[in-house]
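Note sheet for the following structure.
The values are calculated or read from the model by the stated rules, or taken from the named source; none is laboratory data. All values derive from a computational prediction rather than experimental measurement. Using ideal geometry, Cβ is built from the backbone for each residue, glycine included, and neighbour counts are taken over all protein chains shown.
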Amino acid sequence: MEKSVYPQIEASIEKMLSEKPPFILLHQVKEIIDKEVDSRLQKECQITLTQFRALAFLYHRMLRGERVQLSELADILRVTKGNVTGLIDRLRAQNYVRRVRDKGDRRRIFVEITPEGLEKLKSAIPHFQNFMQNLMTTIFTKEEMMQFHKLLKKFNEKLPSALAEIKEHKTEQH
């Protein structure tokens, strides 16, 4: 075996991967759950997890009386605009969404959930909720679940300000 050019970097990476710090564990948990939920939704509801998330977001915004542009949906789903276009094309082919041009600016296109899309979402939600509930109650006691939820909520609430603080600190150093 060749002698390492960057022994400190390799040691740091090896330590990080073997100890699995929280950020790696969070990523792994999310990936495993997403894969399982996607598989179950496809099998039980003939819809992907990304399609489910898109329909749920569109429905949420519809309830608030707000419209959604493709670029915003891409940001929310964390996919490229090209990927969201393909996603919407597939959902349109099943009549779950429709594209609507803005009357004031014909270049702007909004996406809306259709009644068929709403029915698909309504049928998929119990499958999603039941799986997640069963998963959590299999892993955690009620007390552990409450603590886990409390910590995740705190993490989520403080994350934007923590990121801003880190960014500000980094800017001050340069």
Would you mind telling me which numbered condition in (1) part of a loop (DSSP other than H, G, I, E, B); (2) touching a residue at least 12 places away in the same chain (Cβ under 8 Å) Lys103 fails?
(2)
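Can you find a residue in the stretch 114-128 that is outside any helix (DSSP H, G or I), out of contact with any His (no Cβ under 9 Å at 6 or more places or on another chain) and more than 27 Å from His27 (Cβ to Cβ)?
Initially, the stretch 114-128 is screened for residues outside any helix (DSSP H, G or I), giving 114.
When the remaining residues are screened for being out of contact with any His (no Cβ under 9 Å at 6 or more places or on another chain), the result is 114.
Cutting the leftovers down to more than 27 Å from His27 (Cβ to Cβ) gives us 114.
Taking every residue of the stretch 114-128 in turn, at least one turns out to be outside any helix (DSSP H, G or I), out of contact with any His (no Cβ under 9 Å at 6 or more places or on another chain) and more than 27 Å from His27 (Cβ to Cβ).
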Do you know which residues across the stretch 74-115 are exposed (fewer than 14 other Cβ atoms within 10 Å of the Cβ), hydrophobic (A, V, I, L, M, F, W, C) and touching a Phe, Trp or Tyr at 6+ places or on another chain (Cβ under 9 Å)?
Val100
Answer with yes or no whether Leu152 is surrounded by fewer than 11 Cβ atoms within 10 Å (Cβ to Cβ), closer than 24 Å to Ile76 by Cα and at pLDDT below 95.
no
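State yes or no: is His169 surrounded by 11 or more Cβ atoms within 10 Å (Cβ to Cβ), in a helix (DSSP H, G or I) and either touching a residue at least 40 places away in the same chain (Cβ under 8 Å) or not charged (D, E, K, R) (or both)?
Details: surrounded by 11 or more Cβ atoms within 10 Å (Cβ to Cβ): no; in a helix (DSSP H, G or I): yes; either touching a residue at least 40 places away in the same chain (Cβ under 8 Å) or not charged (D, E, K, R) (or both): yes.
Spelling it out, it is not the case that His169 is surrounded by 11 or more Cβ atoms within 10 Å (Cβ to Cβ), in a helix (DSSP H, G or I) and either touching a residue at least 40 places away in the same chain (Cβ under 8 Å) or not charged (D, E, K, R) (or both).
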Write out, first by first residue and then by second, each pair whose Cβ atoms fall under 9 Å of each other, whose residues are 6+ apart or on separate chains, and whose first residue, in the stretch 131-151, is within 18 Å of Asp34 (Cα to Cα) and not assigned by TED's automatic domain parsing to the domain that holds Val37 while the second is in a helix (DSSP H, G or I) and among the charged types (D, E, K, R).
Phe131/Glu36; Phe131/Arg40; Leu135/Glu36
Considering the stretch 10-40, residues that are β-branched (Val, Ile, Thr) and either at pLDDT 80 or above or touching a strand residue (DSSP E or B) at 6+ places or on another chain (Cβ under 7 Å) (or both), and then whichever is farthest from Leu152 (Cα to Cα), we arrive at Val37
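What residue, among those in the stretch 46-86 that are of a type in the set (Ser, Thr, Tyr) and more than 15 Å from the chain's Cα centre (by Cα), is nearest to Tyr96 (Cα to Cα)?
We begin by selecting, within the stretch 46-86, every residue of a type in the set (Ser, Thr, Tyr); these are 48, 50, 59, 71, 80, 85.
Among the residues that remain, those that are also more than 15 Å from the chain's Cα centre (by Cα) are: 59, 71, 85.
Details: Tyr59: 11, Ser71: 19, Thr85: 14 Å.
Only one residue tops the list, namely Tyr59.
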Criterion violated by Thr138 - all others in (1) farther than 30 Å from Ile47 by Cα; (2) modelled with pLDDT of 95 or more; (3) of a type in the set (Val, Ile, Thr) satisfied
(1)
